[in-house]
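See structure below.
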Amino acid sequence: MTVTVIGGGVMGLCVATELTRRGIPAAIRDRAPGPHACSWWAGGMLAPHCEGESADAAVTRHGLASADWWLAQGVPVARNGTLVVSAARDAASLDRFARRSTGHRMLDAQGLAALEPDLAGRFGRALFFADEAHLNPRQALSILSARLPRTEVLSGRIIDCRGLAARDALPDLRGVRGEMVVIRCPDVTLSRPVRLLHPRIPLYLVPRGDGIFMLGATMLESDRRGPPTVRAVLELLGAAFALHPALAEAEVLELGADARPAFPDNLPRIRRIGGTLHANGLYRHGFLLAPAVARMVADHLQHGTRPEFMDADHS
């Protein structure tokens, strides 16, 4: 059996990598020569417990193994956990986040300062999710992409992982727009992603090393794929300033935006339509859930098992 995977984002690359790992030849067919699309703008947080605050329990359950999968592919993964903080006026938001999530412990100001000295005195409490991790999405995509053959020919079994572009075959797929800013601030050192809860514009800040951070948070019901808006950039930078005033002096290195593919319940789908198998709908959980969906696809092709995320046939 040979497989052609259409789409070179995180879903397609993970499917092709998992199949190749199992001895099934798989090639990527994609309109661009390298990694691109919404996967390129991701935060890279492997945070199953944090995502469980608002996501289906399946996201946490399947996401728990994601860090190990990425490490097994030779992708560097930082296992330093995640911090969730809030301003004193938003203390109720932190308590609500604690109630709705698992895998954390509450830190006082001293405990927070011990983990992240640059946040000393900034917040009175924090949630620490010790088992979570993060990676650099662009590095991860490049590592997988470099190992996989490319093809212009559709041959063998076809697996469609085109993301939002697959709406021609998946009419219930929708776009959820996300915007991001990459900054450089050598005056701030953080070892792990930090989520700042806010009633209007929650923020996550992910360290990329060498004083570089990725800021993100926006979740807009839109399939617009153009550059970020002034409003989004101002809100992200304003929230970053609230996290640490020194970030006001950061250099803006990059602005980006794209639309994530999502189904109505924000869970992924594996769907057979005719002779094509579709794997799609990762929503905001791309790097967290793509390994699990890839394993399900591979199990289905190898052993005929019916994956948890598989729909009824739409032949």
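The values are calculated or read from the model by the stated rules, or taken from the named source; none is laboratory data. No experiment lies behind these values; they were computed from the predicted model shown. With ideal geometry, Cβ positions are generated from the backbone for all residues, glycine too; neighbour counts draw on all protein chains shown. Surface areas here come from the heavy atoms of the whole protein model, side chains and all, with no ligands, DNA or RNA. Shrake-Rupley method; radii C 1.70, N 1.55, O 1.52, S 1.80 Å.
Quick notes on this structure:
- Fraction in percent of alpha-carbon pairs per bin - 10 Å, the chain: 6, 27, 35, 21, 9, 2
- The apolar share of the surface of the range 233-281, taken as the fraction of accessible area on carbon and sulfur atoms (1.4 Å probe, ligands and nucleic acids excluded), comes to 58 percent.
- The residues of the range 146-219 present an accessible area of 41 Å² per residue when probed at 1.4 Å with all protein chains retained.
- For the range 39-122, the relative contact order comes to 28 percent (Cα pairs under 8 Å, sequence separation of at least 6).
- 3J(HN,Hα) couplings calculated from phi for the range 143-151 with the Karplus curve 6.51 cos²θ - 1.76 cosθ + 1.60 (θ = phi - 60°) are, in sequence order, 5, 5, 4, 5, 9, 10, x, 10, 8 Hz; Gly and Pro show x.
- Two-site FRET efficiency, Asp131 against Ser155, from Cβ-Cβ distance with R₀ of 35 Å, rounded to 0.05: 0.25
- Relative contact order %, the chain, counting alpha carbon pairs below 8 Å whose residues are six or more apart: 24 percent
- Each label point was placed 7 Å from the Cα along the Cα-to-Cβ direction; for Arg184 and Thr2 their separation is 4.5 nm.
- Dimensionless Rg over Rh [the range 216-315; C-alpha; Kirkwood]: 1.15
- Simple spin-label estimate for Arg22 and Asp90 in nanometres, 7 Å along Cα-Cβ: 4.2 nm
- Stretch gain in nm, segment Thr305-Asp210, where the contour uses 0.36 nm per residue and the Cα spacing is subtracted: 29.7 nm
- Using R0 = 35 Å, the C-beta based FRET efficiency linking Glu221 and Ala65 works out to 0.70.
- Accessible heavy-atom area order of Ser54, Ser155, highest first, probe of 1.4 Å: Ser54, Ser155
- Fraction of accessible area attributable to carbon and sulfur, the range 105-223 (%, probe 1.4 Å): 51 percent
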